[in-house]
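Down below is the structure, laid out as structure tokens.
The values are calculated or read from the model by the stated rules, or taken from the named source; none is laboratory data. What you see is a predicted model, and the numbers here were worked out from it, not measured in a lab. Cβ coordinates were reconstructed from backbone atoms using ideal geometry, including for glycine residues, and neighbour counts include every protein chain displayed. What goes into the accessible areas is simple: the full protein's heavy atoms, side chains included, and nothing from ligands, DNA or RNA. Shrake-Rupley method; radii C 1.70, N 1.55, O 1.52, S 1.80 Å.
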Amino acid sequence: ALASPRPVLTDHVDDLATAASTLPRPVVAGHSYGALVALTAASRHPELVKAVVAFEPPLPWLPWWPATAPWEQLIDDTAEEGPAATARALQEAVLGHPAAGQSDEELAALGTALIHEMTDPTIGLPSFDPLTMTTPVLAASGTRSLPHHQESALHLCDLIPDGRHEHIDGAGHIAHLTHPRHFAALIEQAIAPPSG
């Protein structure tokens with residue numbers, strides 16, 4: 001049997017658009033690669049999405065994005081050891097320690113998904129034009145995130161006509177895990193933006 005091709009960005013965008021079409025114009029929130037999916041879907045289907053919360057989306061086509069970002073390098077460095085080793089190394093890099101309580105099978109599945117996202121050959125090409133986006137976007141970053149992640153979120157809100165930036169003080173790249181209440185507050189702000 002032939003293995004199905006691994007999904008790329010447009011596959012996830014299509015899935016999100018299909019899901020959003022069944023709801024009354026949802027606010028869509030995404031973290032990292034998921035934020036890129038959300039932004040691209042909102043750009044292609046603005047009628048389906050009320051607003052986007054984009055936490056540190058990868059924007060490798062922009063000039064300040066490093067040619068090889070630290071976590072992409074970590075994937076290259078651990079590739080021969082397999083997906084579970086990649087997941088462990090990424091967790092340690094992001095959390096400062098390995099996550100506890102995960103089986104080898106769970107780590108392998110997580111590592112495979114991370115590798116697919118971070119090596120998706122299509123994310124190096126622009127998937128949306130921030131200057132022409134009509135959907136409101138709240139671009140967010142953590143104050144302890146890598147500089148290129150913070151810079152991307154800041155510049156993104158400057159480029160999107162209805163864009164604004166918020167930061168989560170003390171958070172790194174995985175703010176949805178380390179600061180879930182703050183992350184949820186971003187979504188609440190997108191649902192009911194502050195007036196004035």
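Just want the answer: with Cβ charges of +1 for Lys and Arg and -1 for Asp and Glu, which residue in 123, 142, 20 is farthest toward the dipole's positive end in the chain?
Looking along the dipole axis, the top candidate is 20.
Taking a ≥ b ≥ c as the square roots of the Cα gyration tensor eigenvalues, with a/c under 1.5 meaning rounded and otherwise prolate when a/b beats b/c, else oblate, which class fits the stretch 129-186?
Working: a/c = 2.99, a/b = 1.67, b/c = 1.79.
Oblate is the answer for the stretch 129-186, as a/c is 1.5 or above yet b/c matches or exceeds a/b.
Based only on Cα atoms, what Rg/Rh ratio does the chain have, Rh being taken as Kirkwood's radius?
Working: Rg = 16.8 Å, Rh = 17.4 Å.
Here the Rg-to-Rh quotient is 0.96.
Using label points projected 7 Å from each Cα along Cα→Cβ, tell me how many nm separate residue 103 and residue 77, to one decimal.
3.0
Please give me the summed charge of the neighbours of residue 8: other residues whose Cβ is under 13 Å from its Cβ, Lys and Arg +1, Asp and Glu -1.
On the way: positive: 6; negative: 11, 14, 15, 117, 120.
In short, -4.
How high is the FRET efficiency from residue 129 to residue 8, r the C-beta distance, R0 22 Å, rounded to 0.05?
It comes to 0.70.
Determine the gain in length on full extension of the stretch residue 62-residue 44; use 0.36 nm per residue of separation and subtract their C-alpha separation, reporting nm with one decimal.
Details: separation 18, 0.36 × 18 = 6.48 nm, distance 1.95 nm.
4.5 nm is the gain from fully extending residue 62 to residue 44.
Can you compute the label reach from residue 144? Point 7 Å from Cα along the Cβ direction, backbone N cut-off under 19 Å, restricted to the stretch 157-196.
166-186
Report in % the part of the accessible area of the chain that belongs to carbon and sulfur, leaving out ligands and nucleic acids; probe 1.4 Å.
Whole-percent figure for carbon plus sulfur exposure: 58.
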